[in-house]
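Peer 1: Quick one: the structure is below, questions incoming.
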Amino acid sequence: MTSKLIRFWLLISLTLFCFSSKAQISFGGEPLFKTGKVKSEISTIYLPRFKVFSMSKTYEQVDGKSYLKHAKYAHKYNVSYSSLNSGKWQTLDDGRRVWRISISSPGAYSLGLIFSKFRLPVGGQIFVYNNQSDRILGGYNEKNNKESGKFSIEPLQGDEITVEYIEPLHPEFIADLEIGSVLHDYKNIFNQLRGEESFLKSSGTCNVNINCAAGDEWQVEKKAVCHILYDGFIASGALINNTSYNGRPFLLTAHHVIDNQNDANVAIFVFNYEAVDCESTVGSKSQSISGSSLLATTNRLDFTLLELSVMPPASYSPYYIGWDRSGRMPSNTTCIHHPNGDVKKISVDFESPITDSYSDTEFTFDVDTHWRILEWNIGTTEGGSSGSPLFDENHRLIGDLTGGEASCSSSVNDYFAKFAESWDNYSEADQQLKYWLDPLNSGVVTLDGVDPYKGLRAAFDVSQDSICYDSQVRFTDISLGDPDEFLWYFGEGAIPESSSVKGPHVVSYASPGLKQVKLIVIKDGLADSIVRSVLAMDIPVAGFNYTVDLNEVQLVNASIEGMTYDWTFGDGSESGEENPTHDYNRTGRYTITLTAENFCGVHSTIKEITTSYEDLLKIYPNPSNGVFTVDLSQIIYLRSTWIVYDLRGAQIRSGVVSNYESVINFNLNGLSSGVYILNLNVDGVDLKRKLMLTD
């Protein structure tokens, strides 16, 4: 009877998950401004320049032997940018409103955001992007609302980041959005400057990818291990099973990693961040979950048990590892972890560990509550490995990493908090593992791991990812686990709109656009789903903008649904790049033609441009009653100075713009009405304009 109840609640929890999720998991769609379908100017907020005055090693090593193996990668700016006090709102032609805010922190390798307030109405969507990366984060919607009211955005490469919130028509309430922290990555967590100067780059060369031969026997357990980002730090952790087998997403890490609910609220957990083979050095960070609840921890033992804000979906292929709380001595040990925030690695010790104690300048944990690895035979651990699981020869968890001296140069003396000591040494539920991991009070000493989805995986094949909207596309089910029910939704304007049979299905669309196609498969009460996008295209619409730096013109492609591009620059030169830069021999006016093409057709646009700063400078309003706006959005410059003279030649006011600003505002309030002369020097080029000041 008990086993039937366990299975019933597991089925219910898994089924509910498929239809309600509140995590960093994104739900498709596309922003309006990143793609160029809608145009708007937006000012950028520049954070104070961050300088690294001194750098410690990746993990702290100081007198007193502090060898904790979490690592700081980012400086946190505490800010308060809300949809009420910052950014810009714009109303679209269809009545919807869009809020956008752009933040720049010069010199950052990547930027992350923590929303101190995050509550969206049904139909609202948030996207995060920049012009330095092709990656778009989101859309995030009301399913990402959490009880804490907080939400973390994973780091995005580049030193500028834009948030775009699309408000639906007639929302049930106004979104409550406030960015409370900006995380400036100064250690290159994305490793994008490999081979150049970088404080973090990759882990040591002795580390071994999980998909090397050493990891062949660990391809199941690796799915439990995740890379953790929290409040500017990095660490590791692992999903862990409980005796109810009820799918609760418990995650074990170290006390010195996360010891308070605030950090648990904003932590991001990245799964399946690994290289595809033994030699590769990069992996995808696309599968993540934001936020968790702190269930149990104590500063006397180095463990923390969290519950993720949502169960990892089946598409993440999660695995909940088993454990051994006996405290017996293993014959050998293995650790799976993310050293230095790198792709998933494996370390192996062929010998038994010994029982030992750990203390440092920050923590003194209870005596003899740690395993000490005398020497790693394969790999090592580094900063960012803290909290990672230690396995015995039976592939069961027996500890989590605190720290130690081990490195590639000397792979000796690493310390793991003993799972057996964390089990129930302390009686309070919030200071032990037993209450949570043995809710049935079964008394079992060992527990095996589990695949919570029992191998059920939704998947389908698409004959073409991009089609002309009036042509046909075929969807073929290739799901795993022999599902017995199928629910298809083919997206907006689809003919047919949906189906409840396996298929295959031939579908056409009545309108162009990005179509979200969803398949839900069900078997024995378990459900899994997958969403894929199909781009239904029309004939492209060519369009572009440009900026000028002396006689160098940067073309910004604003075409819709183009696949290939041909440019002629009006001086006999051509280009096939998407966003080319072209140098003209002299200042003047030129006719540029852009031709955009996709498999639905061809479209061209012609625009006359000028490379003269005189023609590109705009001032408005003019006349003005005091405040003038200088529009330099089409001019790229490093430094600009301005002086205002009266008609007698006397200098009235002046200013310096030391950093690029697309728009400069200056105020002549307090002066008598009349005509004044503005002299604007842009990188050595003098530009003069008359200003009409009115009462």
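The values are calculated or read from the model by the stated rules, or taken from the named source; none is laboratory data. Quick caveat: nothing in here was measured; it's all calculated off a predicted structure. Heads up, the Cβs are rebuilt from the backbone with ideal geometry, glycines too, and the neighbour counts pull from every protein chain shown.
Peer 1: Could you figure out which of (1) in the same structural domain as Val220 (by the TED database); (2) in contact (Cβ under 8 Å) with a residue 24 or more places away in the chain isn't true of Asp465?
Peer 2: Single failed check for Asp465: (1).
Peer 1: Determine if the range 251-269 includes at least one residue that is touching a helix residue (DSSP H, G or I) at 6+ places or on another chain (Cβ under 7 Å) and surrounded by fewer than 24 Cβ atoms within 10 Å (Cβ to Cβ).
Peer 2: Checking the range 251-269: not a single residue is touching a helix residue (DSSP H, G or I) at 6+ places or on another chain (Cβ under 7 Å) and surrounded by fewer than 24 Cβ atoms within 10 Å (Cβ to Cβ).
Peer 1: Follow-up question, since we're still on this one. Which ones in the range 329-354 are in contact (Cβ under 8 Å) with a residue 40 or more places away in the chain and surrounded by fewer than 20 Cβ atoms within 10 Å (Cβ to Cβ)?
Peer 2: Selection gives Ser331, Asn332, Val348.
Peer 1: Are any residues in the range 382-438 of a type in the set (S, T, N, Q) and touching a His at 6+ places or on another chain (Cβ under 7 Å), and if so, which ones?
Peer 2: Across the range 382-438, the qualifying residues are Ser385, Ser386, Ser388, Thr402.
Peer 1: Right, another one. Being farther than 24 Å from Lys150 by Cα, in the same structural domain as Gly387 (by the TED database) and crowded, with 24+ Cβ neighbours inside 10 Å, is that true of even one residue in the range 274-291?
Peer 2: yes
Peer 1: Could I ask something else about it? Can you name the residue in the range 609-652 that is part of a loop (DSSP other than H, G, I, E, B) and small (Gly, Ala, Ser) and is also modelled with the lowest pLDDT among such residues?
Peer 2: Ser633
Peer 1: Look at Lys515 and say whether it is within 31 Å of the chain's Cα centre (by Cα) and among the basic types (Lys, Arg).
Peer 2: Yes: the conditions hold for Lys515.
Peer 1: Which of (1) assigned to a loop (DSSP other than H, G, I, E, B); (2) within 30 Å of Phe303 (Cα to Cα); (3) among the aromatic types (Phe, Trp, Tyr); (4) at pLDDT 75 or above does Tyr77 not meet, given it meets every other one?
Peer 2: (1)
Peer 1: If you don't mind, another one. Looking only at the range 486-522, which residues are over 22 Å from Asp538 (Cβ atoms) and among the charged types (D, E, K, R)?
Peer 2: Across the range 486-522, the qualifying residues are Lys502, Lys518.
A quick yes/no check of all residues on (1) within 26 Å of Tyr46 (Cβ to Cβ); (2) within 41 Å of the chain's Cα centre (by Cα); (3) of a type outside the set (Phe, Trp, Tyr); (4) outside any strand (DSSP E or B):
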| site | (1), (2), (3), (4) |
| --- | --- |
| Val656 | yes, yes, yes, no |
| Glu661 | yes, yes, yes, yes |
| Asn665 | yes, yes, yes, no |
| Leu671 | no, no, yes, yes |
| Tyr676 | no, no, no, no |
| Asn681 | yes, yes, yes, no |
| Leu687 | yes, no, yes, no |
| Lys690 | no, no, yes, no |
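Peer 1: Among Val348, Val343, which is the only one that is in the same structural domain as His256 (by the TED database), among the hydrophobic types (A, V, I, L, M, F, W, C) and modelled with pLDDT of 95 or more?
Peer 2: The match here is Val348.
Peer 1: Still on this structure, please answer the following. Among the residues of the range 550-574, write down those that are surrounded by 16 or more Cβ atoms within 10 Å (Cβ to Cβ) and out of contact with any Ser or Thr (no Cβ under 8 Å at 6 or more places or on another chain).
Peer 2: Listed by number, the residues that qualify are Asn557, Ala558, Ser559, Glu561, Gly562.
Peer 1: How many residues are in contact with a strand residue (DSSP E or B) (Cβ under 7 Å, 6 or more places away or on another chain) and within 15 Å of Leu32 (Cα to Cα) if we restrict to the range 132-151?
Peer 2: Counting residues in the range 132-151 that are in contact with a strand residue (DSSP E or B) (Cβ under 7 Å, 6 or more places away or on another chain) and within 15 Å of Leu32 (Cα to Cα) gives 6.
Peer 1: Search the range 668-691 for residues that are acidic (Asp, Glu) and pair each with any residue that is part of a loop (DSSP other than H, G, I, E, B) when their beta-carbon atoms are under 7 Å apart and the residues are at least 6 apart or on different chains.
Peer 2: Taking only residues 6 or more apart or on different chains, the pairs are Asp683/Tyr637; Asp683/Leu638; Asp683/Arg639.
Peer 1: Confirm whether Leu535 is over 29 Å from Phe33 (Cα atoms), touching a residue at least 60 places away in the same chain (Cβ under 8 Å) and under 31 Å from the mean Cα position of the chain (by Cα).
Peer 2: So Leu535 does not fit the description; no.
Peer 1: If you don't mind, there's one more thing I want to ask. Taking strands (runs of 3 or more DSSP E) that fall entirely within the range 223-310, which contain at least 2 residues that are over 18 Å from Pro389 (Cα atoms) and in contact (Cβ under 8 Å) with a residue 12 or more places away in the chain?
Peer 2: It comes to 288-290, 292-298.
Peer 1: Okay, next question. Any residue in the range 623-639 that is more than 10 Å from Val682 (Cβ to Cβ) and surrounded by 13 or more Cβ atoms within 10 Å (Cβ to Cβ) sitting within a Cβ distance under 7 Å of a residue that is polar (S, T, N, Q) and modelled with pLDDT under 90? List the pairs, counting only those 6 or more apart or interchain.
Peer 2: Gly626/Asn667; Gly626/Asn669; Thr629/Asn665; Ser633/Ser662; Gln634/Thr547
Peer 1: Now, a different point. Tally the residues that are charged (D, E, K, R) and over 30 Å from the mean Cα position of the chain (by Cα), restricting the search to the range 321-357.
Peer 2: Number satisfying all stated conditions: 6.
Peer 1: Filter the range 376-410 down to residues that are touching a Cys at 6+ places or on another chain (Cβ under 7 Å) and in a loop (DSSP other than H, G, I, E, B) and give me whichever is nearest to Leu437 (Cα to Cα).
Peer 2: Ser388
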